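A.B. asks: Have a look at this one.
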Amino acid sequence: MEKRVYEVWKGSNKFFLGGRLIFGPDARSLPVTLLLISVPSIIFCIFVARHLRHRFSPYNAGYGIMVVAVVFTIYVLIILFLTSARDPGIIPRNSRPPEEEPHHDSSVPAQARNRHTPGRQFPRTKEVMVNGMQVRVKYCSTCMLYRPPRCSHCSICNNCVERFDHHCPWVGQCIGLRNYRFFFMFVSSTTLLCIYVFSMSALYIKVLMDDNHRTVWEAMKESPPSVVLMAYCFIALWFVGGLTGFHLYLIGTNQTTYENFRHRADNRINIFDRGCPSNFDEIFCTKLNPSKNNFRALVQEEVPRPTEEAKAEDVGGDTHPKIEVDLENRQDLLKIIDLSKISRRQNDEENDSRESNDPLRSTLEADSIMGINHRASLTMTMIRSDPEPSSYGNSSSEIAADSHTNSTVTIKEAGRLFE
């Protein structure tokens with residue numbers, strides 16, 4: 001049965017519009033981010049910008065304050081959408097391990113080896129050349145591939161992402177090679193929007209003070225929404241403003257958030273730093289490569305293979321009836337053996353009178369009876385020493401074979417008893 005790639009996707013992503021939009025598993029936080037941006041902007045336009053329309057008479061410049069706020073807010077929301085709803089640089093996972101010489105790694109549990117690469121284990125790392133230097137890349141047992149340099153596996157999205165920076169819960173998406181540019185534009189634009197709303201709210205307080213020669217406190221009582229917006233933007237600036245400054249440093253040194261924490265702990269040399277101008281050019285002026293995943297492509301859905309337990313159940317379901325039939329045959333044979341014993345006793349009583357007349361014949365018949373008793377006891381032992389029914393499920397085919405063999409032996413013994 002043919003399905004789309006996004007319908008059989010093994011990652012934790014969420015898709016919309018038939019696989020055209022891809023989000024992270026925590027996309028529910030995205031509406032919260034939308035509200036945190038849009039609600040303050042709406043309050044600003046209603047309670048602050050509307051009163052400043054006629055404060056700047058030349059060319060009605062006051063209208064520009066509201067227009068800038070609306071356009072800037074829409075721009076930030078569009079950048080947020082471009083950051084959150086696109087492929088961050090996911091590397092398609094392999095359906096089978098790479099064609100390389102495997103080796104056994106005792107540090108990896110046997111259960112993990114059987115789950116990811118059945119029957120063989122690949123080297124955890126290998127060396128590749130980057131800018132004339134050797135870089136160690138790791139093998140991802142989940143995606144069954146050697147990660148390219150600067151690639152890491154996101155535990156939240158369950159994907160290997162190129163130039164992995166971090167997973168941002170506020171945008172509900174991984175930040176990687178194909179959306180880092182938009183993420184920085186979103187963070188920096190949000191910082192500028194906070195500064196703009198804070199400044200215009202403070203300007204409106206100043207206008208109220210100049211109109212009636214009021215104090216600051218009186219003007220603030222006159223426009224409480226302006227005070228709330230100033231406090232909100234001041235707090236937000238500590239987060240988005242600090243994040244903007246931190247990522248400016250990362251771009252200037254050509255690092256990712258993940259590399260910054262890892263290299264700082266390991267004291268590694270950054271081999272990707274090409275100088276501040278070249279680093280900024282790489283982030284903002286380099287053409288983005290198309291996605292390596294066509295989420296709307298048709299693929300053949302893989303038929304799940306039966307597990308070993310299912311196979312064992314199937315085998316057990318076929319052999320149990322045979323074993324039950326064999327057991328019924330053995331019970332019939334036991335009855336036959338009992339009848340043979342009764343017949344033998346009657347013969348013994350008839351021959352008692354002859355023993356005194358022919359000692360040699362009585363001796364031979366005694367030996368024959370002892371042999372029959374031995375064979376009968378052997379048959380009883382073989383029948384009663386069979387395994388309990390609870391063990392039939394473990395090795396059903398072997399028990400069925402033993403049952404058939406023992407039944408054959410019993411039949412032969414019973415035949416000899418009747419001779």
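A.B. asks: Exactly one condition in (1) open to solvent by 50 Å² or more (accessible area, probe 1.4 Å); (2) under 25 Å from Asp87 (Cα atoms) is false for Ile269; which is it?
C.D. replies: Of the numbered conditions (1) open to solvent by 50 Å² or more (accessible area, probe 1.4 Å); (2) under 25 Å from Asp87 (Cα atoms), the odd one out for Ile269 is (2).
A.B. asks: Here are some conditions: (1) more than 17 Å from Cys168 (Cα to Cα); (2) under 55 Å from the mean Cα position of the chain (by Cα); (3) surrounded by fewer than 18 Cβ atoms within 10 Å (Cβ to Cβ). Asp211 meets all but one. Which one does it not meet?
C.D. replies: Single failed check for Asp211: (2).
A.B. asks: Now, a different point. Residues in the stretch 245-261 that are over 12 Å from Phe280 (Cβ atoms) and in contact (Cβ under 8 Å) with a residue 40 or more places away in the chain: how many?
C.D. replies: Within the stretch 245-261, residues that are over 12 Å from Phe280 (Cβ atoms) and in contact (Cβ under 8 Å) with a residue 40 or more places away in the chain number 4.
A.B. asks: What are the pairs with Cβ atoms under 6 angstrom where one residue, in the stretch 159-185, is of a type in the set (Val, Ile, Thr) and the other, located anywhere, is surrounded by fewer than 21 Cβ atoms within 10 Å (Cβ to Cβ)? Sequence gap at least six, or different chains.
C.D. replies: From the stretch 159-185, the pairs are Ile175/His166.
A.B. asks: If you don't mind, there's one more thing I want to ask. Within the stretch 161-176, track down each residue that is within 15 Å of Phe23 (Cα to Cα) and of a type outside the set (Phe, Trp, Tyr). Walk me through it before giving the result.
C.D. replies: Narrowing the stretch 161-176 to residues within 15 Å of Phe23 (Cα to Cα): 161, 166-176.
Those that are within 15 Å of Phe23 (Cα to Cα) and of a type outside the set (Phe, Trp, Tyr): Val161, His166, His167, Cys168, Pro169, Val171, Gly172, Gln173, Cys174, Ile175, Gly176.
A.B. asks: OK, next. Within the stretch 87-97, identify whether any single residue is at pLDDT 90 or above and among the basic types (Lys, Arg), and answer yes or no. If you could, list the steps in order and put the result at the bottom.
C.D. replies: Applying the first criterion (at pLDDT 90 or above) to the stretch 87-97 yields 87-93.
With among the basic types (Lys, Arg) added as a condition, the list becomes 93.
Within the stretch 87-97 (the criterion being at pLDDT 90 or above and among the basic types (Lys, Arg)), the answer is yes, since at least one residue qualifies.
A.B. asks: To continue, here is another question. Do you know which of the residues in the stretch 282-301 that are part of a loop (DSSP other than H, G, I, E, B), touching a residue at least 60 places away in the same chain (Cβ under 8 Å) and not hydrophobic (A, V, I, L, M, F, W, C) is nearest to Gly19 (Cα to Cα)?
C.D. replies: My answer is Arg296.
A.B. asks: Hey, another quick one. Check Phe261, Phe234, Phe246, Phe280 and return the single one that is exposed (fewer than 14 other Cβ atoms within 10 Å of the Cβ), under 16 Å from Phe182 (Cα atoms) and either in contact with a Pro (Cβ under 8 Å, 6 or more places away or on another chain) or of a type in the set (Phe, Trp, Tyr) (or both).
C.D. replies: On the way: Phe261 fails: under 16 Å from Phe182 (Cα atoms); Phe234 fails: under 16 Å from Phe182 (Cα atoms); Phe280 fails: exposed (fewer than 14 other Cβ atoms within 10 Å of the Cβ).
Exactly one of Phe261, Phe234, Phe246, Phe280 is exposed (fewer than 14 other Cβ atoms within 10 Å of the Cβ), under 16 Å from Phe182 (Cα atoms) and either in contact with a Pro (Cβ under 8 Å, 6 or more places away or on another chain) or of a type in the set (Phe, Trp, Tyr) (or both), namely Phe246.
A.B. asks: Please count how many residues of the stretch 263-311 are of a type in the set (Val, Ile, Thr) and at pLDDT 80 or above.
C.D. replies: Going residue by residue through the stretch 263-311, those that are of a type in the set (Val, Ile, Thr) are 269, 271, 283, 286, 299, 303, 307.
Those still in the list that are at pLDDT 80 or above too: 271, 283, 286, 299.
Selection size over the stretch 263-311: 4.
A.B. asks: Is there any pair with a first residue in the stretch 136-151 that is of a type in the set (Gly, Ala, Ser) and a second that is in a loop (DSSP other than H, G, I, E, B) and open to solvent by less than 50 Å² (accessible area, probe 1.4 Å) whose Cβ atoms are under 7 Å apart and which are 6 or more apart or on different chains, and what are they?
C.D. replies: Ser141/Thr117
A.B. asks: Within the stretch 44-71, which residues are open to solvent by 50 Å² or more (accessible area, probe 1.4 Å), within 21 Å of Met220 (Cβ to Cβ) and part of a helix (DSSP H, G or I)?
C.D. replies: Result: Ile46, Phe47, Arg50, His51.
A.B. asks: I need a count of the residues in the stretch 163-190 that are in a loop (DSSP other than H, G, I, E, B), touching a strand residue (DSSP E or B) at 6+ places or on another chain (Cβ under 8 Å) and closer than 22 Å to His263 by Cβ. Lay out the reasoning, then the answer.
C.D. replies: Of the residues in the stretch 163-190, the ones in a loop (DSSP other than H, G, I, E, B) are 163-165, 169-172, 176-179.
Next cut, touching a strand residue (DSSP E or B) at 6+ places or on another chain (Cβ under 8 Å) only: 164-165, 172, 176-177, 179.
Now restrict to residues that are closer than 22 Å to His263 by Cβ: 164-165, 176-177.
Residues flagged as in a loop (DSSP other than H, G, I, E, B), touching a strand residue (DSSP E or B) at 6+ places or on another chain (Cβ under 8 Å) and closer than 22 Å to His263 by Cβ within the stretch 163-190 amount to 4.
A.B. asks: For the stretch 2-28, which positions are more than 17 Å from the chain's Cα centre (by Cα), open to solvent by 60 Å² or more (accessible area, probe 1.4 Å) and either without any contact (Cβ under 8 Å) to a residue 40 or more places away in the chain or more than 17 Å from Pro92 (Cα to Cα) (or both)?
C.D. replies: Passing the criteria: Glu2, Phe16, Leu17, Arg28.
The values are calculated or read from the model by the stated rules, or taken from the named source; none is laboratory data. Quantities reported herein were computed from a predicted structural model and do not represent experimental measurements. Don't worry about glycine lacking a Cβ; one is built from the backbone with ideal geometry, like all the others, and counts go over all protein chains shown. Only protein heavy atoms, including side chains, enter the accessible area calculation; ligands, DNA and RNA are left aside. Shrake-Rupley method; radii C 1.70, N 1.55, O 1.52, S 1.80 Å.
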